[in-house]
Amino acid sequence: MKKLCEYKVSFKPNTSSSYRHVFGGREWKTPKCCNCDNYYHQILSLDLNDPRLGSIMGVRDLNIPLISCLNCSSNWGEQFFKIEFEKKQVIQIYNNDKHNWIENDDLRLVYPLPQMNVSLELLSNEESKNILNDFGIKYFITVLGEPLYLYSNNMINSYCPLCHKKMTYLATVCSDFANIIKNFDFQFGEQWLYFYYCNNCETMKVIGQST
């Protein structure tokens with residue numbers, strides 16, 4: 001099987017791309033977190049018209065959101081959502097948070113996150129080799145490719161709880177420790193969030209691992 005290419009999300013303006021990949025905003029209606037009672041952040045919306053994504057997902061003429069609550073321990077474990085494309089709405093199915101920790105008010109990330117258009121840039125071989133050192137410093141979102149786990153991949157259950165089929169790996173997100181986004185502090189702790197999608201059930205699983 002051919003290895004999938006891995007991309008980083010670039011916040012540099014890209015006038016040559018017609019695909020609308022977006023960081024932040026609230027284009028999608030997201031649920032409220034059962035722990036902190038704040039709306040889940042829309043971190044990224046990926047345009048599936050981009051053939052690099054649509055060919056993998058088997059879906060076109062849509063976009064898909066990557067969401068999580070970034071202000072409490074809900075992102076420490078596993079979250080599971082139903083994606084309602086026609087309504088542009090995300091329904092929470094479960095959240096296995098057992099810690100019930102909530103960030104202090106003065107350190108919480110705003111909702112919604114500031115909206116900005118972004119582009120996908122192919123990671124070089126050198127960048128892929130140095131991802132453990134560079135992730136969160138030179139870029140903080142990667143899309144497709146092979147997920148690089150902080151710990152053993154045996155700790156990641158990437159199967160859909162509904163149909164029990166293996167889900168498609170979409171992206172990994174961590175905090176921005178180097179102010180890649182100018183004038184905005186995108187930090188939610190030393191977490192890596194892995195996003196998986198089931199095309200069969202139109203569901204998304206988000207799994208957190210702590211550094």
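The values are calculated or read from the model by the stated rules, or taken from the named source; none is laboratory data. It should be emphasised that the depicted structure is a prediction, and the values quoted were computed from it without experimental measurement. Please note: Cβ atoms are built from the backbone with ideal geometry, for glycine as well, and neighbour counts cover all protein chains shown. Ligands, DNA and RNA are excluded from the accessible area calculation, which covers all protein heavy atoms including side chains. Shrake-Rupley method; radii C 1.70, N 1.55, O 1.52, S 1.80 Å.
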**Prompt:** Which lysines have a Cα less than 24 Å from the Cα of Lys12, not counting those fewer than 8 places away in the same chain?
**Reply:** Lys129, Lys138, Lys182
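Please give me the summed charge of the neighbours of Met155: other residues whose Cβ is under 14 Å from its Cβ, Lys and Arg +1, Asp and Glu -1. Please report the intermediate quantities before stating the final value.
Working: positive: Lys205; negative: Glu78.
With Lys, Arg at +1 and Asp, Glu at -1, the neighbours total 0.
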**Request:** For a label point 7 Å from the Cα of Ile137 along Cα→C-beta, name the residues of segment 164-196 whose backbone N is under 19 Å from it.
**Result:** 173-182, 186-193
**Message:** Can you give the local net charge around Leu120? Use residues other than it whose beta-carbon is closer than 14 angstrom to its beta-carbon, Lys and Arg +1, Asp and Glu -1.
**Reply:** -1
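Accessible area, 1.4 Å probe, largest first: how do His99, His41 sort? Numbers along the way, then the final one.
Working: His99 120, His41 0 Å².
Heavy-atom accessible area, descending, gives His99, His41.
Largest first, how would Ser68, Ser210 line up by accessible area (1.4 Å probe)? Before the final figure, lay out the partial values.
Numbers: Ser68 0, Ser210 55 Å².
Result of the area sort, largest leading: Ser210, Ser68.
Under a 1.4 angstrom probe, counting protein chains only, how are Met155, Met167 ranked by accessible area, largest first? Spell out each step's value before the answer.
Working: Met155 125, Met167 10 Å².
Sorted by accessible area, descending: Met155, Met167.
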**Asked** Which percent of the accessible area of segment 1-151 is formed by carbon and sulfur heavy atoms (probe 1.4 angstrom)?
**Response** 49 percent
**Prompt:** Among (1) 51; (2) 61; (3) 66, which is the computed percent of Cα pairs over 21 Å apart?
**Reply:** (1)
**Message:** Under a crude label model (7 Å from the Cα following the beta-carbon direction), how far is Asn104 from Lys165 in nanometres?
**Reply:** 4.7 nm
**Under 14 Å, Cβ to Cβ, from Gln209 - net charge with Lys/Arg +1 and Asp/Glu -1** = -1
**Prompt:** Taking a probe of 1.4 angstrom, what is the accessible area of Thr168 in Å², to the nearest 10?
**Reply:** 40 Å²
**Complete:** A correct Karplus calculation of ³J(HN,Hα) over segment 131-136, with 6.51 cos²θ - 1.76 cosθ + 1.60, θ = phi - 60°, whole Hz and x for Gly and Pro, returns 4, 4, 7, 8, 5, x
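Please work out how much length the chain gains when fully extended from Arg26 to Phe177, using 0.36 nm per residue of separation minus the C-alpha to C-alpha distance, in nm with one decimal. Can you show the working numbers first?
Working: separation 151, 0.36 × 151 = 54.36 nm, distance 2.36 nm.
Net length gain for the segment: 52.0 nm.
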**Request:** With all protein chains present, calculate the accessible area of Glu126 using a 1.4 Å probe and round the result to the nearest 10 Å².
**Result:** 110 Å²
**Prompt:** How big is the accessible area of Arg26 in square angstrom, nearest 10, if you roll a 1.4 angstrom probe over the protein chains?
**Reply:** 150 Å²
